[in-house]
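In what follows, a single structure is set out as structure tokens and then discussed.
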Amino acid sequence: MGRVMAKKSLVMLLALIAMSFSLRAADSDFETLKKEIEELKKDNADIKKTNAELASKIKPAASNTEKALDAKYGPNATVVTKTGKLKISGLLQVWYYTYQKDNNALFQDAAGNGIFDTNEASMNSGTRIRRTELKFTMDLTDNITSVVMIDPAREAQSFPGMPDNQVTQSIFKRGLNANLANVQGGVGSAPRLLQDAYINYHNFVPHHDFQLGQFKPFIGEEGIRGSSELDFVERSFVGQLADNRDLGIVAHGEWWHADGKGGGQIQYWLGAFDNAGNYYQSGGQAQNRADDNDEKDFNYRILVRPFWKQDSCDKWWGSLELGFSGEFGRHGQAGGPDPVDAPVNGLNRRRVWASRQDAWGYYAPAGPVSGLWFRGEWEWQKDKNAPSAVIDLLGQGNAGDGSTQTNGKPFASQGFYVSTGYKLSQSKLFSCECPAWYKQLEFVARYEQYQNVEIADPANPSRTNAFYTKVATGGVNYYIQGNTKIMVNYSSIRNPEGGSSAPYVFHNTKDNAFVVNFQVAF
């Protein structure tokens, strides 16, 4: 039994010794693991420090790369500004033009009335820088945009009108061709370098924006359309009447965006403008000048697009736009009955109610005839001319020399144009079969007429008689990229013929016009 107890004691001793060794080994492993964790923490801290140092060294390299890329030429190159986002756009138009040769202008009647009206200054062919627009658009915030547009070419005052060279700097022929002195001396008149200068506030009121400064009153369609987007080398008579800036403020609202973006299919404009001068443009320009009366003209415009190119109906019906606009107010301030022979101190213009209205339509069908489009616009206006602006062919006027109308009464005139075109790049008939260069062609045609020739009535010189000039134009446009294009137009001009006795006998001036427009838009 003693032996058995000894064996048990030995076994227990050996177990205790083994357990002791196991505990010592476990303590050793724990210490080792703890040491390894501390080393990993240190290594991780070293890695973070190294990464930070590398990032600081790599950042300037990325910045240098960006600067190098920004220094390259566009498109979409970055414009650096101190604040906001600046966009620069522009338009350059270079014309070559020629007219039929005729030395005699419309009022030439040396044998009858003894009137000498030369056309020599307006019949010469030549090259013209028609437009040099440079536009700066600054988005200061998401709510405020400012726009400044200059056009140095607008300072030129000696070029004949287009398409009718019987007019200068407006669509009207109301006196002898006085452009001769401007051509001989190379002179001009009022500064017109500054065109647009306005601020637009948007995203304040839902569906609305507000604009104030100098810009075109919202009259019609062609007149306020961008010059780079014209279908012909020059606007129609109706379009040119609305292609003038004024100082004022306008509220604009739009609804029903077919694609959820801009260009509402129902829009309106309401505004107020200084409108110095008159709608017949004989009282000087409205832009870049102080107001000449204490009244304001009110402008309205309504546009409806029952179906539009952004609409799902486009594939069936195409695009249709209809609109109506107008402007009205009192012109003049104070004056006597005869501001020429009996002037009074002051602005010397009697007050008169003036109004103009404009309606237009546009349709571009879809389907097999896609690429075809039609436009039309009508304009009516009533106002009075500035004193001595209208010729009196019988010399019965009240002016000292009896040659002009001194204080004409208000009168109305009107006109319209209709035009059509076919753009091969939008045509389904020619999109696949024509060579690439041929697809860039667009064929256009327009007929227009306006009562733009004005003379004093022979029975009552204070009244004004207005006669129609009629123009038919055909042309071809070749699109190079976007609105960069070459345009070729030929216009057949029919001046008013009048009657068989004075003062309605007008010289049948031959002044058909041919013009090529080389245009770059960016």
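The values are calculated or read from the model by the stated rules, or taken from the named source; none is laboratory data. Worth saying up front: this structure is predicted, and the values here are computed from it rather than measured. Neighbour counts run over all protein chains shown; Cβ positions are idealised from the backbone, glycine included. Surface areas here come from the heavy atoms of the whole protein model, side chains and all, with no ligands, DNA or RNA. Shrake-Rupley method; radii C 1.70, N 1.55, O 1.52, S 1.80 Å.
Assorted remarks:
- Among the conditions (1) without any contact (Cβ under 8 Å) to a residue 12 or more places away in the chain; (2) surrounded by 16 or more Cβ atoms within 10 Å (Cβ to Cβ); (3) of a type outside the set (F, W, Y), E321 misses just one, which is (1).
- Residue ID - most open to solvent (accessible area, probe 1.4 Å), chosen from residues in the stretch 192-222 that are assigned to a loop (DSSP other than H, G, I, E, B) and without any contact (Cβ under 8 Å) to a residue 40 or more places away in the chain: P206
- Leading residue by the ranking (nearest to the chain's Cα centre (by Cα)) among those in the stretch 293-306 that are of a type outside the set (V, I, T) and surrounded by fewer than 19 Cβ atoms within 10 Å (Cβ to Cβ): Y300
- Among the residues of the stretch 470-483, just one is closer than 19 Å to A105 by Cβ and either modelled with pLDDT under 95 or open to solvent by 30 Å² or more (accessible area, probe 1.4 Å) (or both), namely K470.
- Sole residue being more than 21 Å from the chain's Cα centre (by Cα), over 30 Å from F467 (Cβ atoms) and modelled with pLDDT of 85 or more, chosen from D142, D164, D151: D142
- Of the residues contained in the stretch 132-140, none is found to be under 28 Å from S492 (Cα atoms) and touching a residue at least 60 places away in the same chain (Cβ under 8 Å).
- Residue within the stretch 431-441 that is open to solvent by 10 Å² or more (accessible area, probe 1.4 Å), out of contact with any His (no Cβ under 6 Å at 6 or more places or on another chain) and in contact (Cβ under 8 Å) with a residue 60 or more places away in the chain present: no
- Of the candidates N517, N465, the single residue that is open to solvent by less than 60 Å² (accessible area, probe 1.4 Å) and farther than 30 Å from L424 by Cβ is N465.
- Residue in the stretch 498-512 that is within 30 Å of W360 (Cα to Cα), open to solvent by 50 Å² or more (accessible area, probe 1.4 Å) and either touching a Leu at 6+ places or on another chain (Cβ under 8 Å) or of a type in the set (A, V, I, L, M) (or both) present: no
- Any hit, the stretch 373-391, residues being surrounded by fewer than 21 Cβ atoms within 10 Å (Cβ to Cβ), part of a strand (DSSP E or B), over 34 Å from the mean Cα position of the chain (by Cα) and not β-branched (V, I, T): no
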